[in-house]
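Reviewing the structure listed below.
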Amino acid sequence: MLENTNSLRNLFVYKCLFALAFWNHVNLSVENKLLTPSNNFREDGSDQKIKSLPLLYPNRNQPKSSFDWVVIKNTTESLSLSEITNDNVKNLLVLLSNFRQGSGLQNLTLTNMSVHWTDLMEIFQTVWHSSIEYFNINRVTQLGDVKSYDFDYSGTSMKALTVKKIHITDLYFTQDDLYRIFADMNIADMTIAESEMIHMLCPSSVSPFRHLNFFKNDLTDFLFQKCDNLIELETLLFQNCGTLMDLKLLILKRNKFESLLKVSFMTSRMKSLQYLDMSNNLLRHDGADVQCQWAASLAELDLSSNQLADAVFECLPVNIRKLNLQNNQISSVPKGMADLKSLEELNLALNRLADLPGCSGFTSLQFLNTEMNSILTPSADFFQSCPRVRELQAGHNPFKCSCELQDFIRLERQSGGKLFGWPSAYVCQYPEGLRGTELKDFHLSELACNTTLLLVTALLLTLVLVAVVAFLCIYLDVPWYVRMTWQWTQTKRRAWHNHPREQEAVLQFHAFISYSERDALWVKNELIPNLERGESRVQLCQHERNFIPGKSIVENIINCIEKSYKSIFVLSPNFVQSEWCHYELYFAHHKLFSENSNSLILILLEPIPPYIVPARYHKLKALMAKRTYLEWPKERSKHALFWANLRAAININLPVAIEANKEQSD
C-alpha cells in the first residue's frame, strides 16, 4: 500500500494504522486515499514530518448507540476528540494508553464530555503518564459523586492544563476530594475558566506553578484558604499561601472578590509574583487600620472595572511599575497618600477625575491615561510636575473651552506630540456654541485670557480717558459751561418760584446788545442812535440803562435776553477777550436751542484773527462758520445799507408790552 518509502515512514504509518484499526473496532471507516504517498510524502525522499492525519467521521447511518462521539483530528503531535460519555470512556482510556512517554503526541483536546468523577480522574491519570504535554478540556459535566482519588503525580510530561466550562453536579463534597487534585498538580501552567468554581486550595507543598488562570469563576476573598466552618473561616481571614513560591502570573478576572486588603494578604508570600489581574470584580477599599501587604515582586497589577475610590492609593504595591485602575470611582489622586517611585504606566480612564493628577508620588511615570473622565480644564502645569511623562492620553473628556484651556492647548504645542489622540480625541463640550469644535481650532486673544494684561490695559485706557477728558475740560473750559448752566438753572428756578404765574417771559425789547466796553463808543455813537431813531424806532436793551439794581449780573443778563426778541452781538477782538461777553453769548445760544428760535444777530465790527479766539469760544467759532453775520463797512457810503439790513433783521410786529414800554420811556 505504501510503496517507495523508507523504514521511518513505514514505522509512522504503522502506528497510524494501529490507531485506525483500534477505532475500526467501534465501527469507524477509513479511506485508503488519505494515506497515499502523494498526499503525505515527498517523492524526492526528503524528511517531511506529517503534521496531520485526519480520521473520517463514522457512518451517519449507523445507530447512535454504536458510536456516540466523534474523533475530530488525529496527528502525530495533536489529537482532538469530542462527545465523550460513560459509554465510550473505557475505549478512550485504551486509546490514550497507547501514547506512552516517548510517543509523538504532545497535545490532547477533549470536548463535550459527560462522565463520572472517577472516570474523569482516570482520564487525567492516564494523560499524566503519557507523552502529552498540553491537555485541554472544554465543556465537561461531572456525573455522580465527587469521591476521593489517590492521584499519582510522578513521572509526568505535562506542562499545561486548560479546563473550561466544567460543571460539577455534586453539591456536597469534601474540599480535598475536588480542589486538592488540581492544587497539587506538578505543572507550570493551569487554567480553570468559566466553571463557576467557588474555591481553590493552596498546594500542599512548594508548587511548580508559574501561571494560574481562574478567569470567570465565583471565587471570593477566601481563595487558597482551607476551613470547615464559618468560625474557622474568620480565624483564617488573613492567612496567605506560602507554597506558590514560583508563581509569576495570577489571573483572577471576573470573579467575586470584594476586599482589596484581603487580596493583598493573599499574595504577600508569593515571592515571584509579577503580574496580577483582579479586573471585573467587586473590589472596594475604604481605608483600614491594617496596612496592605503585597508581594514585593509584583510589577503589574490590573484593578480595572471594580468599585475602588480614592482610598485605593493607600493600598498599592510599592514596587508596582504598571497599574490599571480603569473604570472605577476615583475622583482624585490624593497627594502624599501614594509613594510609587517605580510606577511607569498608570491607567485612570473611565473614572471621575476633575483634573489631571500630579506626579509628586509617581516620579518615574511615563504613560498616563485619563480618557473619559470629567476633566473640564486640565492643569497646564502637568508636564512641569511630570517631566518624565512621554505620553498622555487625556482625550474624550467634556472639555470647557475657556481661557484656562488655552494654556493646556499651548502646552500641547510645546510638548512635542506627547498628547495621544491629538487632535481628533480633544473636542469642546462646553459652552454650547463651541460644542464639537476641536481644541486645535479654539482660539482666544491674549488680552481676553491674561487677567493681569487685561487689568493693566483697562487701567491704561481709563487713565488715557481721564487725561483726554481733563484736557478737553481745560481746553474747552467745560467747568465754566457747567457753572453757567447751573447759574441759568438756579435763576430760572428762582424766577418761577417768585412769579409762578409769569412762567412765560413777556417780550419788552426788540434786541439785547452785547458788546465789549472797549467798543462802547461805537455802540453808543453809532448803533443805538441809528436803531432807536426814525419812525420804527427799535427798543434796545442795554446793560447800563436796563439792568435792575440789586440783582446779580448773571441774573440781569438772563432776564434781558429772555425779555428781548433778538440778541445783537458786536464782535471784535475786544469781544473775545471779555468774560461777560462770553456769558451773554452762552445764554443767548442756550435760548437759541431751548426755544428753537432765530434770535441771534452777529455784527462783525472788526476782523477777528482765529488765533486770538480762546478755545472755550468754540460756540462763537461755530456760529460764525454756520450763520450769516453783518460786517461793519469802513466806507461811509455803505453805512445806509448796513443799517437797513440790521433793521430788517430786527423788524417784527411790536407786541403791546413793547409799545407800552416805549411810551413809558418817552
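The values are calculated or read from the model by the stated rules, or taken from the named source; none is laboratory data. These numbers come from a predicted model, not from an experiment. Neighbour counts are summed over all protein chains in view; Cβ atoms, including those assigned to glycine, are modelled from backbone coordinates with ideal geometry. What goes into the accessible areas is simple: the full protein's heavy atoms, side chains included, and nothing from ligands, DNA or RNA. Shrake-Rupley method; radii C 1.70, N 1.55, O 1.52, S 1.80 Å.
Test Leu439 against the criterion of being in contact with a strand residue (DSSP E or B) (Cβ under 6 Å, 6 or more places away or on another chain), surrounded by 17 or more Cβ atoms within 10 Å (Cβ to Cβ) and not aromatic (Phe, Trp, Tyr), and give yes or no. Spelling it out, it is not the case that Leu439 is in contact with a strand residue (DSSP E or B) (Cβ under 6 Å, 6 or more places away or on another chain), surrounded by 17 or more Cβ atoms within 10 Å (Cβ to Cβ) and not aromatic (Phe, Trp, Tyr). Across the range 383-413, the qualifying residues are those that are hydrophobic (A, V, I, L, M, F, W, C) and in a helix (DSSP H, G or I), and the one among them that is surrounded by the fewest Cβ atoms within 10 Å (Cβ to Cβ) is Cys403.
Of the residues in the range 550-558, not one is under 23 Å from Gln577 (Cα atoms), in the same structural domain as Trp632 (by the TED database), touching a strand residue (DSSP E or B) at 6+ places or on another chain (Cβ under 6 Å) and buried (at least 20 other Cβ atoms within 10 Å of the Cβ).
Taken together, the residues in the range 414-446 that are part of a helix (DSSP H, G or I) and either at pLDDT 80 or above or closer than 21 Å to Gln366 by Cβ (or both) amount to 8. Summed over the range 334-350, the residues that are open to solvent by 10 Å² or more (accessible area, probe 1.4 Å), under 18 Å from Gly287 (Cβ atoms) and modelled with pLDDT of 90 or more give a count of 0.
Exactly one condition in (1) within 24 Å of Arg413 (Cβ to Cβ); (2) within 13 Å of the chain's Cα centre (by Cα); (3) among the basic types (Lys, Arg) is false for Arg388; which is it? Against the list (1) within 24 Å of Arg413 (Cβ to Cβ); (2) within 13 Å of the chain's Cα centre (by Cα); (3) among the basic types (Lys, Arg), Arg388 comes up short only on (2). Of all the residues in the range 521-541, those that are open to solvent by 10 Å² or more (accessible area, probe 1.4 Å) and modelled with pLDDT of 85 or more number 9.
The single residue among Asn98, Asn136 that is open to solvent by 30 Å² or more (accessible area, probe 1.4 Å) and part of a loop (DSSP other than H, G, I, E, B) turns out to be Asn98.
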